[in-house]
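A.B. asks: Once you've had a glance at the structure underneath, I'll fire off some questions.
The values are calculated or read from the model by the stated rules, or taken from the named source; none is laboratory data. Remember, predicted model here, so these are calculated numbers, not experimental data. Please note: Cβ atoms are built from the backbone with ideal geometry, for glycine as well, and neighbour counts cover all protein chains shown.
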């Protein structure tokens, strides 16, 4: 376990609590100011842990465990970057629990071990994992933005928004969603291309054709089908926005569906690791 992991987790919990207080009590500005400082400390603390792990050969592209830990850091980092343009504390309050759950699962749950794939040391494998991690983080940011969009739209329709609450317009939230998906899809496309090439280089077993081997792999390992469905959903959102004007509530709902698919891919890999670690 990284030496600063308990510190990082505690700082994230404090920042998340302060963001929740800031959202619930919009007249109080001090919790949000303190939350920003605490969150930056959490970011640097986790950077130190990731650097410590890299020095030990456990870089983000080396295993599912380290990839998910890196993903959690990207989710935490996303809000301070976003808040420089326009503060939206509810997004921070949504991203932090996601990151904390991921960290707890990969660091504290017994059995989630470092897998050792045959191509772990290869540049292609590391690049594949890192691109997938970056893409999933951006999809997570899009999902958090979508939740805030749906809540804000609902409150606007019911005239429930507090006049003292700093608001981000629905148009801005929709634009953030679109931008996150666009960059996330770019990273995820690189993931799909590298993964397809990786799969195609795996030779067939004796007595079977290459097509048979690939079909068997797709059936036996559902993460490949889930990855393709995830790519289709987010690619469809970009095409639908440009061709059909798919925006707003419908885009937000489909973004959440796509993010659930992306997270399910991580779930498949973690379950695989749990099985391989079982006695």
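A.B. asks: Got a sec? Which of 161, 215 is surrounded by fewer than 19 Cβ atoms within 10 Å (Cβ to Cβ), over 17 Å from residue 254 (Cβ atoms), touching a helix residue (DSSP H, G or I) at 6+ places or on another chain (Cβ under 6 Å) and at pLDDT below 90?
C.D. replies: Values: 215 fails: touching a helix residue (DSSP H, G or I) at 6+ places or on another chain (Cβ under 6 Å).
Being surrounded by fewer than 19 Cβ atoms within 10 Å (Cβ to Cβ), over 17 Å from residue 254 (Cβ atoms), touching a helix residue (DSSP H, G or I) at 6+ places or on another chain (Cβ under 6 Å) and at pLDDT below 90 holds for just one of 161, 215, which is 161.
A.B. asks: Let me ask you something else. Might you let me know whether the range 46-63 holds any residue that is under 25 Å from residue 89 (Cβ atoms) and part of a helix (DSSP H, G or I)?
C.D. replies: yes
A.B. asks: Could you check how many residues of the range 15-37 are in contact with a helix residue (DSSP H, G or I) (Cβ under 6 Å, 6 or more places away or on another chain) and over 16 Å from residue 72 (Cβ atoms)?
C.D. replies: The number of residues fulfilling the criteria is 10.
A.B. asks: I would also like to ask the following. Checking residue 57 against (1) on the phi > 0 side of the Ramachandran plot; (2) touching a residue at least 24 places away in the same chain (Cβ under 8 Å), only one condition comes out false. Which one?
C.D. replies: Just one mismatch for residue 57, condition (2).
To keep it simple, each residue is scored yes or no on (1) at pLDDT below 90; (2) out of contact with any strand residue (DSSP E or B) (no Cβ under 7 Å at 6 or more places or on another chain); (3) not in a helix (DSSP H, G or I).
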position	(1), (2), (3)
236	no, yes, no
245	yes, yes, yes
250	no, yes, no
254	no, yes, no
257	no, yes, no
260	no, yes, no
265	yes, yes, no
274	yes, yes, no
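A.B. asks: Follow-up. Taking the residues in the range 23-39 that are under 24 Å from the mean Cα position of the chain (by Cα) and within 12 Å of residue 92 (Cβ to Cβ) as candidates, determine which candidate is surrounded by the fewest Cβ atoms within 10 Å (Cβ to Cβ).
C.D. replies: 23
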